[in-house]
Amino acid sequence: MSTPSTAAPAVFVNAASVLRGATLRQDLVVREIPPPERIAPHSVAFAAGVREGVGPDPESVLDSPAGAGRFVLMHDPSSAAEWGGEFRIVCYAQAPLELEIGVDPFISDVAWSWLTDALDSRSARYTYISGTATKVLSSSFGALESRGDGAQIELRASWTLLGDDFASHLEAWSELLCLLAGLPNEEGVASLTQHRVRAQRSANNI
């Protein structure tokens, strides 16, 4: 979790410990993984996969066909001016979609709202948030024609953590992954249907 030449500061050691003890949704299999190299002086990373798609091999959590993602917490005091704080989070989540949902013109907006709603419902404070939500539609041909049409949603985001409630950010990410995978929402996070109603009302008021 740290470079060989630099001992991890106590504030980062505490943050990593808090993340390891976070209460995440039981629909997921979560494990700690080696963080990406050279992204920050100190970092800790987790991978998660939707339980129904995870096989007996521990590595299968990395690519569960029902939905999977990564979460990385970085610590770098020298980047505080650029980040807006000493800790920054980078996360990724993806899941297959039913075709009917995949063609919904609002699904990318919904995916992004799920992230911010999940953070806000847990009072997870943040700043400098950014990211992309990508919808992929595919058609199969030839030997793969039996697969038919398919859809997938992928969300990448980063933000600067404020305060010291590290667990709430990891818990929000786990909620996002479950929602992308079509699992029921928890209190405080709007369902896909609710988002559709909001979007349609906004469009009608234009």
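Probe radius 1.4 Å, ligands and nucleic acids left out: which of 83, 112, 173 has the largest accessible area, and how do the rest follow?
Greatest to least solvent exposure: 112, 83, 173.
Rank 23, 132, 160 by accessible area, highest first, at a 1.4 Å probe radius?
Largest accessible area first, the residues go 23, 132, 160.
Rounded to the nearest 10 Å², what accessible area does residue 82 show when all protein chains are kept and the probe is 1.4 Å?
Ignoring ligands and nucleic acids, residue 82 comes out at about 140 Å².
What does the charge count near residue 42 come to, summing +1 for each Lys or Arg and -1 for each Asp or Glu among other residues with Cβ under 13 Å from its Cβ?
Result for the neighbourhood of residue 42: -1.
How much length would be gained if the chain were fully extended between residue 129 and residue 98, taking 0.36 nm per residue of separation minus their Cα-Cα distance, in nm to one decimal?
Working it through step by step, the gained length comes to 8.3 nm.
From the protein chains alone at 1.4 Å, what is the descending order of accessible area for 63, 165, 117, largest first?
63, 165, 117
The values are calculated or read from the model by the stated rules, or taken from the named source; none is laboratory data. Note that the structure is a prediction, hence the values are computed from the model and not measured. Here the Cβ is made from the backbone with ideal geometry for all residues, glycine too, and neighbour counts use every protein chain on show. The accessibility values were calculated without ligands, DNA or RNA, using every heavy atom of the protein model including side chains. Shrake-Rupley method; radii C 1.70, N 1.55, O 1.52, S 1.80 Å.
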